[in-house]
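Just below is one structure, and these are the notes that go with it.
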Amino acid sequence: MAKLVRGFRDIFEPQSQHFTELENCARGVFSLYGFGELRLPTVELKELFVKSTGETTDIVQKEMYAFEDAGHRQLAIRPEGTPGVVRAYLENNFVQAAPVQKFYYIGNMFRAERPQAGRYREFEQIGAEYIGNSAPAADAEVILMLKDIVSRFGAKNYCVKINSLGCDKCRPLYRQALIDFLSQEKDTLCENCQTRLEKNPLRVLDCKIDGARFAGRVPTMQLCPECQAHFDEVQALLKGKIDFVVDPMLVRGLDYYSRTVFEFQAGDASQNAIAAGGRYDTLVKNMGGPATPAIGWAMGAERVIAARGEVTRPQQKSVCVVSLDKQCNETAFNIMQSLRGAGIRTEGGLFDKNIKGQMKQADRCHAAYAVILGTDELAQRQATFKDLATGEQKKISFDVLTQEVKKVL
Ligand code: ATP
Ligand code: MG
């Protein structure tokens, strides 16, 4: 039998409905904030991610689905959205025409990670990118927009952490201080972190194995006056509008972040981040454009849905149309279509089965009523209308059937 690939999933109802709800909720909030949808391609040149996400990141080193196509192009199935957004921004010359842009995207991302709860090889991200605004107001705006989506959707018990990673002026000093501190403990670091130590020491703090034990002990970042003023203002703008904590251990796993970074977390498993983002003021330039500030985030749809937990809501009641005889099938089918035409949820059409089989189907799809058609009904142009909860039934003329069914639903 055909088999699903490990780490990938089929998502059926009602789970699939949660995704639609989250997407609709996000679209509503995006429109309030003036963000427009950008539909990105799933495949990009591999080089795009290597250069922007970063050569030393887990995503590029271990998790990317990369392949060569028949035209010998080195391609990758996107592991994240930001590099594609910036490529599209540059390639379509927004720089000249309208440098300030607010984009959102909704789409599946692909990473060859070890599958576990909350960690899949194909997962959905909803993301936002605010390009061209260096003001702390932009940082506060995207963070509050994310909060609006998450809380409107109904996710509970999450906390918001923010930090500043400084800029090219102040980060090198911190980097060195971290290297000095971590070198003393080099022997106790995991294999991965021993390599990270020189190349990208900030990432050690983000390590799922080693990170937590350094909390409260690592040297803290000394921001330059500009970065400090920026960070202070972001916090002032957020105050009273969202509960947050400043966490000096929050460093994020991607290369392109500067200044403000943030994470929304739920629960305490290692896959606890429901959404994350930050400023990336150097990325546009690194990708060949002019110096352009930007900030964005991405949320993991599966994790936001899990953070909301079970929800039950009343379903629209439905009707099931049953035909008792071959002669009645066409009329029964036409009734199904006119009920649907009137906005009534309608099941039925299993006309090759006997009455027992068709009623069983009505039960299975939780129909509230059955419309039953036999040869008598056909002759009298009246259908039997049965309340499946009480068993009560009455005859209704074909002419007024749709109207009458509408009344009780
Ligand atoms: P993590 O620390 O959990 O590996 P990350 O730092 O790799 O997350 P980002 O690249 O910032 O995550 O992606 C943003 C969000 O996408 C995450 O906060 C998370 O909610 C979600 N996400 C990331 N990887 C996965 C995955 N493999 N499966 C499901 N959701 C994911
Ligand atoms: Mg990851």
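The values are calculated or read from the model by the stated rules, or taken from the named source; none is laboratory data. Given the structure is predicted, the values throughout are model-derived calculations rather than measurements. We place every Cβ from the backbone using ideal geometry, glycine too, and count neighbours over all the protein chains shown. Heads up: the accessible areas ignore ligands, DNA and RNA and are worked out on the full protein's heavy atoms, side chains in. Shrake-Rupley method; radii C 1.70, N 1.55, O 1.52, S 1.80 Å.
Looking across the stretch 245-256, the residues that are touching a Lys or Arg at 6+ places or on another chain (Cβ under 7 Å) and away from ligand 2 (no atom under 16 Å from the Cβ) come down to VAL245, ASP247. Residues in the stretch 257-316 that are more than 30 Å from CYS365 (Cβ to Cβ), among the basic types (Lys, Arg) and away from ligand 2 (no atom under 16 Å from the Cβ) were compared, and the one that is surrounded by the fewest Cβ atoms within 10 Å (Cβ to Cβ) is LYS285. When we screen GLN235, GLN222, GLN228 for residues that are modelled with pLDDT of 90 or more, surrounded by fewer than 21 Cβ atoms within 10 Å (Cβ to Cβ) and outside any helix (DSSP H, G or I), the only hit is GLN222.
Scanning the stretch 240-270 for residues that are closer than 13 Å to TYR158 by Cα, in contact (Cβ under 8 Å) with a residue 12 or more places away in the chain and part of a loop (DSSP other than H, G, I, E, B) gives ILE242, ASP243, PHE244, GLY267, ALA269. Could you say whether any residue in the stretch 97-113 is within 16 Å of ligand 2 (Cβ to nearest atom), in a loop (DSSP other than H, G, I, E, B) and surrounded by fewer than 18 Cβ atoms within 10 Å (Cβ to Cβ)? Yes, some residue in the stretch 97-113 is within 16 Å of ligand 2 (Cβ to nearest atom), in a loop (DSSP other than H, G, I, E, B) and surrounded by fewer than 18 Cβ atoms within 10 Å (Cβ to Cβ). Is it true that TYR130 is aromatic (Phe, Trp, Tyr) and either on the phi > 0 side of the Ramachandran plot or in a helix (DSSP H, G or I) (or both)? Answer is no for this residue.
Scanning the stretch 151-170 for residues that are in a strand (DSSP E or B) and either exposed (fewer than 13 other Cβ atoms within 10 Å of the Cβ) or of a type in the set (Ser, Thr, Tyr) (or both) gives TYR158, SER164. How about the stretch 8-64: which of its residues are open to solvent by 60 Å² or more (accessible area, probe 1.4 Å), more than 21 Å from TYR89 (Cβ to Cβ) and over 19 Å from the mean Cα position of the chain (by Cα)? Those that are open to solvent by 60 Å² or more (accessible area, probe 1.4 Å), more than 21 Å from TYR89 (Cβ to Cβ) and over 19 Å from the mean Cα position of the chain (by Cα): GLU55, GLN61, LYS62.
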